[in-house]
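Some notes on the structure that comes next.
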Amino acid sequence: MPQTTAGRPPRSWGTAPPRTSPHRWWILTVIGIAQLMVVLDATVVNIALPSIQGDLGFTDSNRQWIVTSYSLAFGSLLLLGGRLADLIGRKAIFMIGVAGFASASALAGAAWNFEILVAGRALQGLSGAMLAPAALSLLNTTFTDAKERAKAFGVYGAITGTGGATGLLLGGLLTESLNWRWTLYINLVFAVIALTAGWILLERSARTSRTRLDLPGTALVSAGLFALVYGLSNADTHGWSSPTAWGFLAGGAVLLAVFSWWQTRTAAPLLPLRILLDRNRGASFAAVAVCGAGMFCAFLFLTLYLQNILRYSPVTTGLAFLPMVCGLVVSAQLSSRTLLPRLGPKSVVPLGMGMAAVGMVWLTDLGLSSTYAAGVLPPLLVIGLGLGLVMPAAMSLATDRVAAEDAGVASAAVSTMQQIGGAIGTALLNTLAASAATHYLAGERRTPELVVQAQLHSFSTAYWWAAGIFTAGLVATGLLYRKGLVSHDLDVPAAVHTQP
């Protein structure tokens with residue numbers, strides 16, 4: 001009888017093992033391209049913002065909406081997108097999401113004013129909210145063999161983890177060689193490939209749930225997540241003393257609390273609480289959120305250091321992150337194919353968190369005279385290797401043993417945790433860094449040299465806090481993950497388990 005890590009037989013869902021797709025590795029390529037399109041879009045526009053502002057002529061106070069409009073729509077609608085994949089079909093929602101993302105990218109790229117650009121970015125976020133959970137759900141149900149699943153999630157975790165750095169590099173290359181509009185038009189290339197290959201390779205999935213959409217729950221969680229993300233974005237822009245920020249944060253917390261209560265009362269919950277209450281899944285959700293918050297620090301503040309202190313160009317800055325990307329890719333495969341099956345998540349994930357924390361502390365030594373080879377490269381490699389140990393394991397276990405009818409919304413919960421973690425990291429670390437610089441300069445004559453030292457001090461403060469976040473992730477995952485190895489049967493989706 002197959003056993004779980006807790007010594008219990010796997011839960012039966014009353015379904016026979018699905019037929020293994022002969023095109024599963026090509027399907028992984030399609031899913032990977034679509035996922036890359038979504039994750040890199042969070043950063044690919046950032047480097048182009050000065051060019052966009054110069055071309056369209058909007059104010060500094062409006063600049064944040066180019067990024068915020070995407071994250072608000074994406075973060076608040078992910079659970080709805082995941083449940084639609086369960087109700088309508090994963091292939092259908094995946095294809096709709098890809099087509100919608102391409103159309104929104106074309107609109108934003110052709111924007112002739114600020115309002116059209118913001119509308120296009122919001123539509124990108126809406127489409128991404130359908131695409132991202134459908135893609136992870138497809139991956140979860142396509143790979144049913146333990147070893148193949150490990151490889152697939154290693155690739156998927158590497159793409160998700162390196163998407164931000166890839167966006168920085170691609171954004172710099174496109175902005176310098178062409179213009180800012182190509183940071184959006186590039187999505188059309190990805191979308192055409194994903195749509196064409198997806199139409200040919202993906203099999204139409206039947207509806208996995210006959211229940212109706214939980215409309216009250218959808219309204220509550222969408223409004224709650226919107227308020228939470230908007231409040232965090234407002235805190236990032238106006239500081240934590242902003243009444244608007246705290247008002248939205250409080251409102252979001254109340255709405256999410258009411259949503260949680262409602263999920264225990266309704267017969268067809270949008271997000272069944274059984275998905276969140278499993279210890280391994282809970283630990284994985286926490287790990288994904290911590291990585292979302294911590295990676296922001298590495299990308300934002302190290303980008304500012306390379307450009308403002310070492311005077312790197314946007315393209316050179318993007319290239320500087322490549323070793324981190326390579327380390328993450330190698331570590332992701334090592335984690336999913338070798339370490340996780342032999343050591344289990346309770347050892348592997350906290351180890352990755354610890355390595356990322358060490359890398360962040362190492363970055364605090366960067367100064368005016370630091371060089372890339374001696375000062376930046378070593379901690380960047382350590383961070384990349386650490387994140388590679390965490391991301392594939394967390395994403396795989398976050399959707400492990402989930403019933404087929406909940407696969408979409410469980411996948412959406414993973415993306416939601418990453419999005420919320422990134423939003424918290426953006427607001428918290430940016431505010432702490434700005435406060436550190438202000439206190440450093442308080443009562444001092446602001447010479448150019450002192451301003452630069454204040455900037456370095458603010459970066460160091462952010463790195464210390466990011467190290468603390470990763471340390472908290474180390475403790476949380478070390479306590480929450482169950483002891484034992486991930487067996488063959490645990491490595492396949494719950495839908496393939498049969499009664500022993």
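The values are calculated or read from the model by the stated rules, or taken from the named source; none is laboratory data. Given the structure is predicted, the values throughout are model-derived calculations rather than measurements. Virtual Cβ from ideal backbone geometry, glycine too; neighbours counted across all protein chains shown. Each accessible area value is taken on the protein alone, full model and side chains, heavy atoms only, with ligands, DNA and RNA left out. Shrake-Rupley method; radii C 1.70, N 1.55, O 1.52, S 1.80 Å.
I'd like the orientation of helix 448-480 relative to the chain: the angle between its Cα long axis and the longest Cα principal axis, in ° from 0 to 90, rounded to 10.
20
Please give the contour-minus-distance gain from residue 472 to residue 449: 0.36 nm per residue of separation, less the Cα-Cα distance, rounded to one decimal in nm.
Contour length minus Cα-Cα distance gives 4.8 nm.
Between residue 115 and residue 343, what is the FRET efficiency for a Förster distance of 56 Å, r being their Cβ-Cβ separation, to the nearest 0.05? Intermediate results must be reported in sequence, preceding the final value.
Working: r = 52 Å, r/R0 = 0.94.
E between residue 115 and residue 343, to the nearest 0.05, is 0.60.
Would you mind checking the tilt of helix 279-304 against the longest principal axis of the Cα atoms of the chain, expressed as 0 to 90 degrees and rounded to 10?
Here the helix axis deviates by roughly 20 degrees.
Between residue 242 and residue 265, what is the spin-label point distance in nm, taking each point 7 Å from the Cα along the Cα→C-beta axis?
It is 3.3 nm.
Add -39500 (n - 2.57) for each DSSP H run of 4 or more in the chain, then divide by its residues: what number comes out at 222 nm, to the nearest 500 deg cm²/dmol?
Computed ellipticity for the chain at 222 nm equals -25000 deg cm²/dmol.
Per residue, how many Å² of accessible area does the chain show with a 1.4 Å probe? Write down the numbers at each step before the final one.
Working: 19500 Å² over 500 residues.
Per residue, the chain has 39 Å² of solvent-accessible surface.
Tell me, what % of the accessible area of the range 250-301 is carbon and sulfur with a 1.4 angstrom probe?
On the way: 1440 of 1970 Å².
With neighbouring chains kept in place, the figure for the range 250-301 is 73 percent.
On the accessible surface of the range 359-474, probed at 1.4 Å, how many percent belong to carbon and sulfur atoms?
Numbers: 2690 of 4160 Å².
In the range 359-474, the share of accessible area belonging to carbon and sulfur is 65 percent.
Over the chain, what is the mean sequence separation of C-alpha contacts under 8 Å (at least six apart), divided by residue count, expressed as relative contact order in percent? Before the final figure, lay out each step's value.
Numbers: 954 pairs, mean separation 131.8, N = 500.
Normalised by residue count, the contact order of the chain is 26 percent.
Which of the peptides 382-391, 119-128 is most tightly packed, and how do the rest follow, going by the mean number of other Cβ atoms within 10 Å of each residue?
382-391, 119-128
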